[in-house]
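Inspection log for the structure reproduced underneath, given as structure tokens.
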Amino acid sequence: MKKILLFLILVFTTTANYAQTDSTKSSRTGMIQYIPGGWFTSGKYVIDGNKVTFREVNTRLANYQPSANEFNEYRKYRNLTYYSGGTSILFLAASLIATGNSSTFKNTSSKVFAGIGVSFLVPEFIFSLKRNKHFRSAGTIYNQQFK
């Protein structure tokens, strides 16, 4: 019972956090610019010279109607990337479990699991390319209103 209650509390708090969008962040005052980072640092998003979070950028892209369609495509491919990557990891882990303590890779079921796991890496790669393309397109459409 405690596990179910803990799970429900976790689901409720995460839903409450992600369902709220700050209305002050949806004001459109400038272009979204991406400044790439260095070798060990990630890039950053800048609006009107101020560094903003990825969540702020997502809010702006989702609230501006012309870029919302591309942003929804980005979300779809982002979820598909997560699903195929998770499935791949699960099948590769199942392959390791099926192999067991054996030092050789003789078991047929472990080979099948490994093959399926590797085969899910291909759609993950394709979905990630499409995801990035749609996110860039949504940003380009959003920035067109300022030109």
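The values are calculated or read from the model by the stated rules, or taken from the named source; none is laboratory data. These figures come from a predicted structure and were not determined experimentally. No Cβ is skipped: glycine too gets one built from the backbone with ideal geometry, and neighbour counts run over all protein chains shown.
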* Within segment 46-77, count every residue that is outside any helix (DSSP H, G or I) and either surrounded by 15 or more Cβ atoms within 10 Å (Cβ to Cβ) or among the acidic types (Asp, Glu) (or both). => 5
* Boolean, residue 84 is touching a Ser or Thr at 6+ places or on another chain (Cβ under 8 Å), surrounded by 16 or more Cβ atoms within 10 Å (Cβ to Cβ), farther than 24 Å from residue 145 by Cβ and polar (S, T, N, Q) -> no
* Asked: Does residue 140 satisfy being within 22 Å of residue 35 (Cα to Cα) and loosely packed, with under 13 Cβ neighbours inside 10 Å?
  -> yes
* Which pairs do you get when a residue that is of a type in the set (Phe, Trp, Tyr), found in segment 38-51, comes within reach of a residue that is surrounded by 10 or more Cβ atoms within 10 Å (Cβ to Cβ) and in a strand (DSSP E or B), reach meaning Cβ atoms under 9 angstrom, with the pair 6+ apart or on two chains? -> 45/32; 45/33; 45/34; 45/51; 45/52
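Going by the conditions given, is residue 87 over 23 Å from residue 60 (Cα atoms) and either modelled with pLDDT of 95 or more or of a type in the set (A, V, I, L, M) (or both)?
Values: over 23 Å from residue 60 (Cα atoms): yes; either modelled with pLDDT of 95 or more or of a type in the set (A, V, I, L, M) (or both): yes.
The answer is yes for residue 87.
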* All positions within segment 63-103 that are small (Gly, Ala, Ser) and within 15 Å of the chain's Cα centre (by Cα) -> 84, 85, 86
* Asked: For segment 16-35, does any single residue satisfy the condition of being acidic (Asp, Glu), modelled with pLDDT of 55 or more and out of contact with any Leu (no Cβ under 9 Å at 6 or more places or on another chain)?
  -> no
* Filtered residue count, segment 98-137, keeping only those that are at pLDDT below 85, surrounded by fewer than 16 Cβ atoms within 10 Å (Cβ to Cβ) and not in a loop (DSSP other than H, G, I, E, B) -> 2
